[in-house]
1. Within a Cβ distance under 14 Å of ARG23, other residues only, what is the Lys/Arg minus Asp/Glu net charge?
2. Taking amide hydrogens as modeled 1.01 Å from N in the peptide plane, which residues meet the under 5 Å criterion relative to TYR116, leaving out close sequence neighbours?
3. Which whole-Hz couplings ³J(HN,Hα) result when phi for each residue of the range 210-218 is put into the Karplus expression 6.51 cos²θ - 1.76 cosθ + 1.60, θ = phi - 60°, listed in order with x for Gly and Pro?
4. Which three lengths, in whole Å and largest first, does the range 1-112 cover when its Cα atoms are put on their principal axes?
5. What does DSSP give for the chain in terms of the percent of beta bridges that are antiparallel, rounded to the nearest 5?
6. Given a 10 angstrom Cα cut-off, can you work out which residue in ALA294, ALA16, ALA239 is the most mobile in a GNM of the chain?
7. Aspartates and glutamates near LYS129 by alpha-carbon distance under 18 Å, same-chain residues fewer than 8 away left out - which ones?
8. ILE93: net charge of surrounding residues, Cβ under 11 Å, Lys/Arg +1, Asp/Glu -1, itself excluded?
Amino acid sequence: MLIVTFAIACAVTIFAPHGHYVRTPQLHGPGLLLDGAGITGSPVSSIAWLHRRLVGSKAPGGNVVVLRASYSDVYDRPFWQYGNFASVQTVLIPPCATHAQVDRVATIVDRADAVYFAGGDQAHYVAWKDTALMHAVKQVYARGGVIGGGSAGLAIQGAVVYDSVTGDRRNEETTTADAVRDPFEPRISFTTGLFAWPALAGTITDTHFVARNRFGRSVVFLARILHEDLLPGARTAYALGVDQGSAVVVDPDGTATVLNNPGAGGAYLIRAGTPPHLTAGQPLRYTVSVAHLARNGERVDLLRKTTTEPWYTVTVDGARTPPYSRDPYVP
C-alpha cells in the first residue's frame, strides 16, 4: 500500500516502510556503501556492515531510505531481511518530477540514518544537483550516517561523475570499444560537484566493472578528467571500478573493505598520473597503474589511495583489438 503522493501527474511516490521509524541516538559513521550492481546482487555482508556502522552493535536500529528514479521498492526486502534496521523505506522520484517535488523529499531524508541510491540511469540523479534533497543527503553523512548506491547509484558517488546525460539524448551507451577509439565521442559527458566524499576525492567510480569490460572506458574517463582539468590543479586522478557481486564499504577513517560474492571480481583502483595527449577522432593511447583488490575482506586506504597490493601497468591503445597491452583484470 502507498502512503502518499506529492502530485497527481508525474507523482513522487513514498512507499510504505518496512518497520517503524525509531530515532537512532548515536550514529557510528560516516561511511560509504559502494555496490558494483544493485543491492539484490551484492554480498549480504554489506548490509550487515551497514547496520553495524549505523548502530555500533547487533541491536535493532537504524533507518534506511532508498532513493530511486525508476521501478519500485524492490530493495526494501533485502535490506529488511539481512539487516536489523528499525525501518526501510523507498521514495520513487520519476525523471519528470519538478524541482519543487524533488526538494520536498528532503524532509524524509532529514530523518534517515542511511541513504541508498538505486540503480537505473545516473542522468536522473545528477539532475538533482544543488537541490534541497541532495543537501539533506550530505547532512546525513555529516552527522555520521552512511551514503550508498549500486550501479547508477554507485556511478554518482565520485568527485567526477560519468553522467550519461548526452548519451541519453543520443540513445547511446558508452562502452570500452567505442570510447577508446575516440575519447571525445559526443556520448561522453561529466558532472562535477554532486558530492565530495573525502575517501573519493580525485576519483571517478565505475560499475559492473569486469562483467561489462569497463576498464578501457574508465581509463578514457581519467584521461578526459586530466585533459579538461575537471579536478582543478590535480596532477593525478583515480578510478574505482567495482564488479557486480562485489561491494566496497568505507569506514570513517577512509579505510575500505572489499566484500565479494563467490566468483565476483572485487574492485580495481586505477591511477592516472601523466598528462594525456588526446586528439579528437584519434584513438586513445594511455598508460595507467592498477591495483586489483580481489580478496574478500581485503582492505585499502581510499583516503590516501594506498594498498598492500602491488601496482601493475596497463597501456590502453584504441588502435588495437583488444585495446590492452595485457589483461587488465589479472595482476
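1. Around ARG23, the surrounding residues sum to 0.
2. When sequence neighbours closer than 5 places are left aside, the close amide H contacts are VAL65, VAL66, LEU67, GLY148.
3. 7, 4, 10, 6, 9, 4, x, 5, 5
4. The Cα atoms of the range 1-112 stretch 43, 30, 26 Å along their principal axes.
5. Among the beta bridges of the chain, antiparallel pairing accounts for roughly 65 percent.
6. Of ALA294, ALA16, ALA239, the Gaussian network model singles out ALA16 as fluctuating most.
7. Result set, ordered by chain and number: ASP103, ASP110, ASP121, ASP163, ASP168.
8. Local charge sum for ILE93: +1.
Readers should treat all values here as calculations from the given coordinates under stated rules, not as data from a laboratory. None of the values given here were measured: they were computed from a predicted structure. Cβ coordinates were reconstructed from backbone atoms using ideal geometry, including for glycine residues, and neighbour counts include every protein chain displayed.
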